[in-house]
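Worksheet: the structure to be examined is printed underneath.
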Amino acid sequence: MPDEKLPPLYGSGAFPVNYPNEYDRRLEKTGSGIWLHGTDKSLYSRPPLDSEGCVVLTNREFDLIGQYIEVGRTPIVISESVDWVSSREWLDQNIEVQAALETWRQNWEQADLEAYLEMYSEGFWAKDDDKQSWGTYKKRVFSGKTFQKIDLSDISVLTYPDTGKSQPMVVANFTQHYRSNNYNGDMRKRLYMVKEQGDWKVLYEGRQ
């Protein structure tokens, strides 16, 4: 949102953040309207914690960061601290998650309902479903398919900040290209995945 459309206190502009996201709402977190924005141009900087819950930068910092943000695509992680992992650990996890995504895609494309549902956590949820109702829905959908062709592109995988859960969790965003005998469509998709007993399982599935 450019500065000309905002009150002066937002400075050079603002990037609204999608808090609360799907997982935040699942945890019943409260609040909304968290933005990343600049500083009132009559000031150099704002006093610490004087942000009404937003993340506030100097206008110079905001303008620099803005060059690297692609609206709707660039992840913003708000955390008290950052724990960096080794490049080897990052690569190993990325390979595991990408392989799990490919297995999920293949099972879906082949309409192998048992193998497909095995990719889902017992704690799975979607907008209006849990794992049981999701399985019932997919069984009905698969029964009407003579073929499915599913491709994933523009895949982004981000390790989720510490959630207090015992299992590691990632969020995967991608473009889904779906073709079948009775429906064709492309969409941006989001999966939350948790590692349970050594395997990556889908915890949440929905549109991005």
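By how many degrees, between 0 and 90 and to the nearest 10, does the Cα long axis of helix 87-109 differ from the longest principal axis of the chain?
Taking Cα atoms only, the helix is inclined about 50 degrees.
Multiply the residue gap between residue 63 and residue 112 by 0.36 nm, knock off their C-alpha separation, and tell me the result in nm, one decimal place.
Numbers: separation 49, 0.36 × 49 = 17.64 nm, distance 4.92 nm.
The residue 63-residue 112 span can extend by a further 12.7 nm.
Given the options 117, 152, 91, which has the most mean-square fluctuation in a GNM of the chain, springs set between C-alpha atoms less than 10 angstrom apart?
Its mean-square fluctuation being the largest, the pick is 91.
Placing unit charges on C-beta atoms (Lys and Arg positive, Asp and Glu negative, everything else neutral), compute the dipole magnitude of the chain about its Cα centre in debye, rounded to 20.
In debye, rounded to 20, the chain gives about 660.
Between the stretch 37-106 and the stretch 1-27, what's the alpha-carbon centroid distance in Å?
Centre-to-centre distance over Cα atoms comes out at 13 Å.
Pick from 93, 176, 197: which is most flexible by mean-square fluctuation in a GNM of the chain where alpha carbon atoms under 10 Å apart are linked?
197
What label, among [x] 29; [y] 35; [z] 49, belongs to percent of Cα pairs over 25 Å apart computed from the structure on display?
[z]
Could I have the simple spin-label model distance between residue 132 and residue 87, label points 7 Å from Cα toward Cβ, reported in nm to one decimal?
For residue 132 paired with residue 87, the spin-label model returns 4.9 nm.
Amide H of residue 199 versus every other amide H placed in the peptide plane: which residues, excluding those fewer than 5 positions away on the same chain, fall under 5 Å?
Sorted by chain and number, the residues that satisfy this come to none at all.
Using a Gaussian network model of the chain whose springs link C-alpha atoms within less than 10 Å, name the residue from 47, 161, 75 with the highest mean-square fluctuation.
So, out of 47, 161, 75, the one fluctuating most is 47.
Can you compute the helix-only [θ] at 222 nm over the chain? Use -39500 (n - 2.57) per DSSP H run of at least 4 residues, normalise by all residues, nearest 500 deg cm²/dmol.
Calculated mean residue ellipticity at 222 nm is -8000 deg cm²/dmol.
Quick check for the stretch 91-208: number of Lys pairs with alpha-carbon distance under 20 Å, counting only pairs 8 or more apart or on different chains?
18
Where a number appears in this text, it was derived from the coordinates with a stated rule and is not lab data. Keep in mind the model is a prediction, meaning the values are calculated, not measured. Cβ: placed from backbone, ideal geometry, glycine included. Neighbour counts: every protein chain shown.
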